[in-house]
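Presented below is the structure to which this report refers.
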Amino acid sequence: MKWSGKYQVAGGIIAGLAATELSLRLAFGLGNPVLIQADSESGYRFQPNQKVWRFGRTIKYNQYSQRSDTIAPQKPQEP
């Protein structure tokens, strides 16, 4: 069965869009956005306890929506 030229062009465009979508999701992490929430004081803030991979880097948000390690509520006891 021979495909006409218009079906080949349409198939090529669809395949190109699918390849672009997959590469943006897998190579750059754009399929998993950082979640935000409304805040009455600052307008918005990032949701706490997130771990997201974007643009080759891992972004972690702690329980206070800050980009740092988990913060202990008490200062650790020194020996």
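Since every read-out is calculated from the coordinates, none of them should be taken as a lab result. Here the structure is a predicted model, which means the values were calculated and not measured. Every residue, glycine among them, receives a Cβ derived from its backbone with ideal geometry; neighbour counts consider all protein chains shown.
Per-residue extension of 0.36 nm, minus the Cα-Cα distance of Val34 and Ile13, leaves a gain of 4.6 nm for this segment. Which label belongs to the value computed from this structure, given these candidates for Cα Rg over 2.2 N^0.38 Å: (1) 0.96; (2) 1.91; (3) 1.06? The listed entry that was calculated here is (2). For helix 5-28, report the angle its Cα long axis makes with the longest principal axis of the Cα atoms of the chain; keep it between 0 and 90° and round to the nearest 10°. Around 10 degrees separate the two axes. Placing R0 at 25 angstrom, the Cβ-Cβ distance between Glu41 and Ile71 gives a FRET efficiency of 0.85 after rounding to 0.05.
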